[in-house]
Structure formats: structure tokens, C-alpha cells
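Single-structure report; data block below.
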């Protein structure tokens with residue numbers, strides 16, 4: 001009983017000067033919970049002693065755990081540029097500063113400054129997109145999955161959409177094209193086989209209830225060997241002849257030709273616009289290198305119908321998304337690709353990557369075994385399935401730790417690397433030069449802990 005009597009009263013305990021700079025409301029809540037738990041532990045004889053200093057430390061520890069941001073900066077040393085788990089594309093700091101002015105002040109989001117009346121939020125982005133792509137109009141929604149759903153719901157509700165069996169994809173998060181079609185009200189009309197779809201399959205599929213010929217990017221797989229598919233330009237031609245809509249869900253659209261001989265397998269949006277398509281949609285936060293968004297480009301009359309769909313109210317984007325997206329597209333328009341981190345990383349030569357690796361190797365060689373070697377990585381984000389690009393890596397070995405142990409220790413320092421051939425690697429394809437000193441210091445902390 002004497003131990004129970006020594007438990008501090010909550011109202012007095014929370015007035016301790018150790019809590020002076022903390023939220024009194026949250027401190028009181030945590031203290032009450034810990035003191036009640038302490039009382040129960042004493043009664044059940046789990047605890048036979050305690051001191052107030054430890055109790056104070058536990059309250060502060062829980063307080064800091066609750067108030068620490070869950071989203072944290074990490075160093076991406078995996079080599080995967082468009083890493084979905086690590087936030088995909090980065091935003092250039094200078095570009096963000098320009099957009100920050102819009103986000104932190106009143107602006108003309110839905111106000112026409114020339115006419116002095118209500119305007120349209122999508123008008124701000126259409127000018128730069130139409131100039132770059134030569135499209136008639138553009139619409140921005142919150143991601144490409146929303147773009148797919150909105151298009152199908154607007155034009156194909158209770159109507160047929162023709163899709164090759166080889167393109168009925170499932171991507172991350174169990175996003176399945178057939179399920180999305182069903183939810184949108186569209187009726188799936190499968191054609192071809194898993195490995196082969198021909199031009200006549202599309203031609204023979206069109207009937208009085210056909211609304212659309214749809215092509216879907218194979219975001220996370222490829223079909224090799226005895227296979228064939230119909231190029232989008234031929235689908236556009238058939239659609240025009242049959243007077244139905246052609247639509248390409250590109251997944252990850254990009255506005256420049258990709259390096260490492262990827263452009264033949266993954267043509268840019270600019271290439272597809274030469275086909276004069278009805279509609280294209282693609283993501284903003286993949287190879288475009290901008291914010292999360294679904295970008296729909298195409299015929300003005302079709303975009304106008306999309307804007308009238310009541311679903312758009314639930315799928316629209318805010319002022320910050322539009323401001324950042326506009327800045328990034330302007331960077332492409334003006335040829336300033338260095339302002340887009342995703343493209344800057346992608347186009348960095350292996351010679352430059354090796355120079356950075358040597359800088360870090362020199363700093364670490366007295367502390368651990370680290371070797372530079374050439375390797376390969378993927379772009380990520382479902383952008384170029386089964387396609388590798390060259391990179392430079394630095395393998396780390398210390399304290400006789402196994403690679404999994406090293407990975408875990410560095411992950412505890414917010415450095416995310418990868419394991420390959422039973423070696424823990426730092427991949428310099430995704431490491432910025434400004435991060436080298438920070439990586440060096442954190443690795444030394446782990447080694448000498």
C-alpha cells in the first residue's frame with residue numbers, strides 16, 4: 001500500500017518543470033494513462049518499485065513518439081528512380097518555391113482576371129500543355145486511376161469497351177482494369193489471346209453497342225516470345241473509321257525521349273499525339289517527374305464532356321497540384337530538364353555516378369570494406385517493364401555483419417539501399433551529390449556504435 005500511496009497525483013505531476021515546453025493537454029492525457037497503468041502493475045505485483053524521474057522520462061518519450069512526423073525524409077539508395085514506396089518523383093526546390101507563392105496566398109484558381117468573374121481551374125494548365133503537346137485540351141484529376149474511371153464512366157456506361165486480353169492488367173494495390181470497368185459501368189469486350197492480338201480482332205469486335213477501343217500500358221510486365229500487339233496508331237485509325245472513341249491508358253506518360261534505347265519501346269506522349277488520338281491519360285508523378293495527378297489530353301469536345309461529369313467534383317485537384325504541375329511542364333517546354341529531378345537522375349551518366357561513388361569510398365575506406373562496381377537498375381513505378389538501365393553501386397561490408405543486418409541498421413538511419421548478390425549496395429543512380437556527406441556521417445555512426 002505504501003508503494004501505491006507514493007504514486008504522484010496527475011494534476012501535480014503534470015506541473016513538473018520538465019513538461020514546461022510541451023502541450024499540457026497531451027502531457028496530461030499521457031501521464032494519466034501511464035499512472036493508471038503503473039497502479040495496475042503494482043496491484044498485480046508486476047512492479048515492486050518506481051521513481052518519478054523514470055516516469056517523467058517515459059511520458060516525454062511517448063509524447064515525442066506521438067508528435068514526431070510519420071512522413072520522414074529518407075535517402076533513396078535503391079537505384080529505383082520512380083520508387084512508389086518512397087514517394088515516386090521529387091519536386092525541384094526552386095520549382096516548389098515558385099509554386100509556394102500560390103499556395104500561401106489568395107489566387108485566381110477559379111477567377112477570370114480579365115473578365116472579372118468566375119473562371120475555370122483547368123484553364124491555368126491547359127495553355128502550357130496544349131503548347132507543348134499540340135493537343136486541343138487537357139483535364140487534370142487526382143491520379144491516373146481516376147482518369148481511367150472518369151473516361152470509362154463518361155463515355156462507356158452500359159456500352160462496350162474493346163480491350164486486348166494481353167492488356168487486362170493488375171497493377172499495385174490490386175487495381176485491375178476489368179474491375180475498374182465494371183465499377184464505371186462499362187462492359188468489357190475482350191479480344192485476341194494473352195500473347196497475340198491482331199488488327200482484325202479490333203475490326204471484328206466493333207458493333208452497335210461499342211463505345212471505345214482502349215489500349216492499356218503493360219505497366220509491370222511484358223509478353224515475350226511468340227507474341228504480337230496492335231500499335232496504337234492503327235487502333236486510332238480503326239476507331240476513326242468505325243466512328244468510336246480511341247483511348248490509351250499510358251500509365252506513365254513522358255514528354256521527352258528516354259535514354260538507353262528505351263524510346264523505341266516506350267514512345268513519348270509527343271509521339272502518340274502525332275496519331276491525332278481521341279484521348280490519352282497518364283500519371284503526373286512518374287516519368288513526367290511532377291506531382292501525383294492524372295492527366296487527360298485529347299479532343300476538346302470529349303474533354304468538355306468529361307468536365308460535365310459530376311464525378312469530376314470528387315476527383316479534381318487543388319491549387320498546389322496545378323501550380324507545381326504547370327511549373328514542371330513549363331520546364332519541359334523550355335528544355336530545362338535539370339529542373340525535373342526524375343529526368344535529371346535518369347539522364348546522369350555512369351561516369352558522373354562513379355565520381356560520386358569514389359568520393360564516398362575515399363571517406364569510408366578506413367572504416368569499412370567498400371567496393372565500386374557497375375550494375376543495373378530499373379526506373380520503377382511500372383514505367384518500363386523488364387527494362388534495365390546502367391548504374392554504379394558501392395558495396396558495404398563491416399563488423400562481419402550480414403547484408404540483411406547492414407540494411408536494417410542503415411534503414412534505422414533513413415538510408416534505404418538494396419541487396420544484390422549477397423552484398424548490401426548503395427546505388428548512386430538515385431543519390432544526390434548533396435547527400436554524400438550525410439550518408440558518410442550516418443554510416444560512420446553505425447560502424448562506430
Checklist entry - Of the conditions (1) under 17 Å from the mean Cα position of the chain (by Cα); (2) farther than 27 Å from residue 346 by Cβ, residue 81 fails just one. Which one is it? => result (2)
Item to check | Restricting the stretch 394-416 to residues that are in a loop (DSSP other than H, G, I, E, B) and in contact with a helix residue (DSSP H, G or I) (Cβ under 6 Å, 6 or more places away or on another chain), the residue that is surrounded by the most Cβ atoms within 10 Å (Cβ to Cβ) | outcome: 398
Next on the checklist: For the stretch 141-153, check the following and say yes or no: at least one residue is crowded, with 23+ Cβ neighbours inside 10 Å and closer than 23 Å to residue 112 by Cα.
Outcome noted: yes
Next on the checklist: Whether any residue in the stretch 84-92 is farther than 30 Å from residue 354 by Cα and either out of contact with any helix residue (DSSP H, G or I) (no Cβ under 9 Å at 6 or more places or on another chain) or not assigned by TED's automatic domain parsing to the domain that holds residue 251 (or both) is what I want to check.
Outcome noted: no
Checklist entry - Here are some conditions: (1) at pLDDT 85 or above; (2) within 23 Å of residue 385 (Cα to Cα). Residue 187 meets all but one. Which one does it not meet? => result (2)
Item to check | Complete set of residues in the stretch 334-354 that are outside any helix (DSSP H, G or I) and out of contact with any helix residue (DSSP H, G or I) (no Cβ under 6 Å at 6 or more places or on another chain) | outcome: 334, 335, 336, 348, 349
Checklist entry - Taking the stated definitions as given, is residue 419 under 18 Å from residue 81 (Cα atoms), without any contact (Cβ under 8 Å) to a residue 40 or more places away in the chain and not in a loop (DSSP other than H, G, I, E, B)? => result yes
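Each row is one residue, and each column tells you yes or no for (1) farther than 24 Å from residue 282 by Cβ; (2) modelled with pLDDT of 95 or more; (3) out of contact with any strand residue (DSSP E or B) (no Cβ under 9 Å at 6 or more places or on another chain); (4) surrounded by fewer than 16 Cβ atoms within 10 Å (Cβ to Cβ).
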position: 195; (1), (2), (3), (4): yes, no, no, yes
position: 207; (1), (2), (3), (4): yes, yes, no, yes
position: 212; (1), (2), (3), (4): no, yes, no, no
position: 218; (1), (2), (3), (4): no, no, no, no
position: 225; (1), (2), (3), (4): yes, no, yes, yes
position: 236; (1), (2), (3), (4): no, yes, no, no
position: 243; (1), (2), (3), (4): yes, yes, yes, yes
position: 246; (1), (2), (3), (4): no, yes, no, no
Checklist entry - Hey, does the stretch 333-343 have a residue that's closer than 23 Å to residue 80 by Cα, without any contact (Cβ under 8 Å) to a residue 60 or more places away in the chain and surrounded by fewer than 18 Cβ atoms within 10 Å (Cβ to Cβ)? => result yes
Checklist entry - Within the bounds of the stretch 191-214, is there any residue that is over 16 Å from residue 161 (Cα atoms) and touching a residue at least 40 places away in the same chain (Cβ under 8 Å)? => result no
Checklist entry - In the set 64, 57, 33, which member is without any contact (Cβ under 8 Å) to a residue 12 or more places away in the chain, surrounded by fewer than 11 Cβ atoms within 10 Å (Cβ to Cβ) and in a helix (DSSP H, G or I)? => result 64
Item to check | Any chance residue 158 is in contact with a helix residue (DSSP H, G or I) (Cβ under 8 Å, 6 or more places away or on another chain) and in contact (Cβ under 8 Å) with a residue 12 or more places away in the chain | outcome: no
Next on the checklist: I want to confirm something. Restricting to the stretch 355-386 and keeping residues that are without any contact (Cβ under 8 Å) to a residue 40 or more places away in the chain and assigned to a helix (DSSP H, G or I), which single residue is farthest from residue 266 (Cα to Cα)?
Outcome noted: 362
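The values are calculated or read from the model by the stated rules, or taken from the named source; none is laboratory data. Values in this document were obtained by computation on a predicted structure and should not be read as measured data. Cβ: placed from backbone, ideal geometry, glycine included. Neighbour counts: every protein chain shown.
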